[in-house]
Amino acid sequence: MKKEFNIRKFCVNYNVFIIFSVLFIACTLLSESFLLPINLFNIGLQQAAPIFVAIGVMFPIIMGGIDLSVGSVMALASSGVLAVMNKTDIGLGLGLALAVLIGLACGLLNGFLVAYCNMPGFVATLATLTTLKGFAYLITNGNTIKVTGNVLLDLCKRDYGYPTIIITAVVIVLFILMQHYTVFGRLILATGSNRTAVELAGIRVKRYILSAYVISGVMAALAGMWLAARTSTSNAVLGQGAELNAVAACVLGGTSLSGGRGSALKTFVGALCLAMIGNIMNLMGVGAYIQNIVQGIIIVFAVLMYGI
Amino acid sequence: MEAYKLEMKSISKSFGGVKALNDVSLRVKKGEIHALLGENGAGKSTLMKILSGAYQRDSGEILVDGQPAKINTPKDSKQNGIAVIYQELMLAADLTVAENIFIDDLAAGSVFINWKKLHSDTTRLLVSLGFGNISPTEKCGNLSVAHQQVVEICKNLSRDAKILVLDEPTSVLTFKEIEHLFEILKRLKANGISIIYISHRLEEIFKLCDTITVLKDGCYVDTVDVQDTTRQLLVNKMVGRELKDMFPARNAKIGEVLLRAEDLQAGRMVDHVSFEVHGGEVLGFSGLVGSGRTETMRAIIGVDKLEAGKVTYMGETVKFTHPEQAVKKKLGMLPEDRKVQGLLLEQPIRLNTTLAALSKVSDPTKTIIFHNKEKKLVAENLSRIQTKYNAAEDEVNSLSGGNQQKVVLARWIMADCKCIIFDEPTRGVDVGAKVEIYNVINALAEQGVAVIMISSEMPEIIGMCDRVVVMNKGRVTGELTKNELSEQSLIRLAMEV
């Protein structure tokens, strides 16, 4: 009896790792190309953006909210930076810094609306989704912006050791450490779990709610850059629908949509699971439409496993 | 031999090795009002949850009309004509009275709803209880709590309930409404319906009930007729111990004034409130629910806005606009509803314990948490107040009410508070844990901490406090010293009679 209980607990806690292992083995068996380094690097390059968005969005979700505006932030930040790059010759570093600033501003706006104007995250970020996308259209004039030269391509170049992948790995590790070892990470989780109790314990919860949306905004802005870097182009529809994929990764990783639970590591693994599903179907030549169907079905089953 | 409407024989139930009910029996006659009496944790709700099918009994038998009844699910219970009305009413606020009452079968077996019939059936039911003034088309959310209770009762009558269980129905009602409820119950009784009435309020039981069954610590104590007993006898049966054992002696030195409030005003509930509390003193706050006690304290620690008045704390004038400032100055408050305002239920015990004292388990800049130090401190603080738990990593939700409360207690002890406000510290806590919480409060007072204790339980106020401030409708109506304390004097001030 007691042992049975523990197995169940184990399954719920490590669900996403079990799914990951099963998918990984399945992928290896299904296609010989899956384990080729070039394929794995490709996954890494492709998935840097979704992983960033997923980990970012996880924080508003931990707060019991959501950030629907991430797709627009991706478009706005990347279009903005590319437009500036075309006019001036700011380098890659300054470009990324500018992206972070744009993400920060968007996150502050969302966080302010949610924490200090008491708006539900869904509503506030639905509004900013439209507004920010409008700004992205203004910047791009509805066209695709292209950066000439190799400035952005450097982010995905093998000669430089795939900077995107390295930055992504470092950021994931930092987030895991932040959640586990810092007061900030602890209080983000605590605030999402029971805001009233945390406030009564003498903690200014609004700051933490604001921070959650700021993290989401900055991560989305950087994700926009990863995406833009692969083709050196950006437009206003870049990142459209990214929020859905991100929420799927969070849910796969066991993040509770009612708040108070979520781990960067598990969300990362959740995003990897989605990536593998897409990748293996590409390798096997499954059409995009079928891919959507399969992906949805797998998410449903994965989440059902939590309920067993 | 008299026939019983309901018999529960030798019911036992354990939760993970803890016996919640041990060989408990209850017999209810047709058309009687039967009081189920006992302290928190005595097993009343567990017994009723078994009757309603929410829990399954480990052993024992349930007979309805002398026939063994198989009650394993809430549906079984309903089919046997049993209805339980909980404190939190199960009404849909946005539906009308008629819709709520007949929610099970709105169309009466047909496909379309016959609104005319539905409304006339509802009116008939309401009139039969003397509430023709409630409109069947009113939304339930717009009704007073008392009227909502009437709707809940009608809902169960419409389902042919013959045995009605009411769990502390009067705790949220005004005096007038209570009178009304009693009339309804007496009318139901005259119609042959058996009522099991759970309440802590002895005066109500004497006014309303025919028979009383007393439970204590999960065991059956006695069943008596109301005429054959007195309050004192009942209390003795319920508590089974002298009051002075409940409230351990305290050996604290009362020191300087630590917190002084003058002429506080906040919202509608705090109206020119003044009081002071000394180090080492336990100051009680008594009064009815909604008398403004909690609101006063919330305004002091900065949860709510303090509109006027002066607070002097440890010799300096303070005005807290956020609890953060209060906690920094070592002034903490244990909220009254620990599940909603106190605990992070799905988080580990460890996280819950250190929430207000993270600076103690982190580096000086309050950035990095030292897990080993945290685990050690948590274990120390929890064991010091005899908290029973398995592992500090378990969800706090897995603990019993008393131990959950101790986790909140440990949180404030860890925060090194100089003044702690306890709001209903023993609500929903079993008798044994109560005494342990009193011991903790005493220990704090002995260390020179100023303790403010808001409590609606008069024995607790009388047994624990050095001095008591009584409030009514947002104003302080009196202050009693230890010698002046009695239930009568407290009630007089609380109701201003």
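The values are calculated or read from the model by the stated rules, or taken from the named source; none is laboratory data. Note that this is a predicted model, so its numbers are computed, not measured. Heads up, the Cβs are rebuilt from the backbone with ideal geometry, glycines too, and the neighbour counts pull from every protein chain shown. Just the protein is used for accessible areas: all its heavy atoms, side chains included, with ligands, DNA and RNA removed. Shrake-Rupley method; radii C 1.70, N 1.55, O 1.52, S 1.80 Å.
Within region B:128-264, what percent of beta bridges assigned by DSSP are antiparallel, to the nearest 5?
55
Select from chain B the helices, each a whole stretch of DSSP H, whose alpha-carbon atoms run 15 Å or more along the helix axis and whose Kyte-Doolittle mean is at least 0.5; answer none if there are none.
For chain B, where a helix must reach 15 Å along its axis and average at least 0.5, the hits are B:431-446.
Please give the total accessible area that chains A and B bury against each other, computed with a 1.4 Å probe and expressed in Å² to the nearest 100.
The contact between B and A buries close to 2300 Å².
Straight-line reach from B:Lys176: which aspartates and glutamates have a Cα under 17 Å away, not including same-chain ones fewer than 8 places off?
Within the straight-line cut-off, B:Lys176 pairs with B:Glu168, B:Glu203, B:Glu204, B:Glu496.
With only Lys, Arg, Asp and Glu charged, each at its Cβ (+1 for the first two, -1 for the last two), find how big the charge dipole of region B:107-218 is about the Cα centre; round to the nearest 20 debye.
With Lys and Arg at +1 and Asp and Glu at -1, about 440 debye.
Note down the magnitude of the dipole of region A:159-308 about its Cα centre, charges +1 on Lys and Arg C-beta and -1 on Asp and Glu C-beta and zero elsewhere, to the nearest 20 debye.
Result for region A:159-308 is approximately 460 debye, rounded to the nearest 20.
At 1.4 Å probe size, what's the solvent-accessible area of B:Tyr86? Round to the nearest 10 Å².
About 60 Å², ignoring ligands and nucleic acids.
Have a look at A:Asp154, A:Asp67, A:Asp89 and tell me which one the Gaussian network model of chain A (Cα, springs below 10 Å) gives the largest fluctuation.
Highest fluctuation of the listed residues: A:Asp89.
Please give me, ordered by residue number, the GluC sites (Glu not before Pro) of region B:209-296 that lie in loop per DSSP and have at most 12 other Cβ atoms within 10 Å.
For GluC sites (Glu not before Pro) across region B:209-296 that sit outside H, G, I, E and B with at most 12 neighbouring Cβ atoms in 10 Å, the list reads B:Glu242, B:Glu256.
Report the Stokes-Einstein translational diffusion coefficient (µm² s⁻¹, integer) for the protein assembly as shown, Rh taken as the Kirkwood radius over Cα pairs, at 37 °C with viscosity 0.692 mPa s.
Result for D is 108 µm²/s.
Anything losing 40 Å² or more of accessible area from the isolated chain to the full protein assembly: pick those residues out of region A:189-203, probe 1.4 Å, ligands and DNA/RNA ignored.
Buried by the other chains: A:Ser193, A:Asn194, A:Ala197, A:Glu199, A:Leu200, A:Ala201, A:Gly202.
Pick out, from B:Gly66, B:Asn472, B:Leu358, the residue whose Cα sits farthest towards the positive end of the charge dipole of chain B, with +1 on the Cβ of Lys and Arg and -1 on the Cβ of Asp and Glu.
B:Leu358
What does the charge add up to near B:His119, with Lys and Arg as +1, Asp and Glu as -1, over the other residues with Cβ less than 13 Å from its Cβ?
Charge balance in the 13 Å sphere: 0.
Determine how large the accessible area of A:Leu304 is when every protein chain is in place; take a 1.4 Å probe and give Å² rounded to the nearest 10.
Counting only protein heavy atoms, the figure is 100 Å².
May I ask you to list the lysines whose Cα is less than 21 Å away from that of B:Lys253, ignoring any residue fewer than eight positions away on the same chain?
Answer for B:Lys253, where 21 Å is the Cα cut-off: B:Lys244, B:Lys330, B:Lys418, B:Lys482, listed by chain and number.
On a straight-distance basis, which lysines could pair with B:Lys305 in a cross-link, Cα separation under 19 angstrom, same-chain partners fewer than 8 positions away excluded?
Cα-Cα hits under 19 Å: A:Lys206, B:Lys319, B:Lys328, B:Lys329, B:Lys473.
Distance in nm between label sites at A:Tyr181 and B:Gln232, each 7 Å beyond Cα in the beta-carbon direction?
Taking the simple label geometry, A:Tyr181 and B:Gln232 are separated by 6.7 nm.
Using 12 Å as the cut-off for backbone N distance, which residues of region A:157-197 belong to the label zone defined by a point 7 Å from the Cα of B:Asp363 along Cα→Cβ?
Counting backbone N atoms under 12 Å from the label point, the list is A:182-183.
Out of the DSSP beta bridges found with both residues in chain B, what percent are antiparallel (nearest 5)?
So the antiparallel bridges in chain B amount to around 55 percent.
Starting from the Kirkwood Rh over alpha-carbon pairs, what translational D in µm² s⁻¹ does chain B have by Stokes-Einstein at 25 °C and 0.890 mPa s?
Roughly 99 µm²/s, to the nearest whole number.
Cut-off 10 angstrom, C-alpha nodes, Gaussian network model of chain A. Which of A:Met219, A:Met63, A:Met281 fluctuates the most?
Taking springs between Cα atoms under 10 Å, the residue moving most is A:Met281.
Share of region B:323-407's accessible area from carbon and sulfur, percent, 1.4 Å?
On region B:323-407, the fraction of accessible area on carbon and sulfur atoms equals 51 percent.
Indicate the residues belonging to region B:330-353 that lose 50 Å² or more of solvent-accessible heavy-atom surface (probe 1.4 Å) upon moving from the chain alone to the assembly of all protein chains, ignoring ligands and nucleic acids.
Flagged in region B:330-353: B:Gln341, B:Leu344, B:Glu346, B:Gln347, B:Leu351.
Take every DSSP beta bridge with both residues inside the protein assembly as shown and express the antiparallel ones as a percent of the total, to the nearest 5.
Restricted to the protein assembly as shown, the bridges split so that about 60 percent are antiparallel.
If I take every Cα pair under 8 Å that is 6 or more residues apart in region A:241-290, average their sequence separation and divide by the length, what percent do I get for the relative contact order?
Taking the mean separation of contacting Cα pairs over the length of region A:241-290, I get 29 percent.
Once both labels are modelled 7 Å past Cα along the beta-carbon direction, what's the A:Asn13-B:Glu179 spacing in nm?
Distance between label points: 5.9 nm.
Compute the accessible area per residue over the protein assembly as shown, keeping the other protein chains in place, probe 1.4 Å, unit Å².
I get 45 Å² per residue for the protein assembly as shown.
Which of the chymotrypsin sites (Phe, Trp or Tyr not before Pro) found in region B:90-137 are loop residues per DSSP with 13 or fewer other Cβ atoms within 10 Å of their Cβ?
B:Phe112
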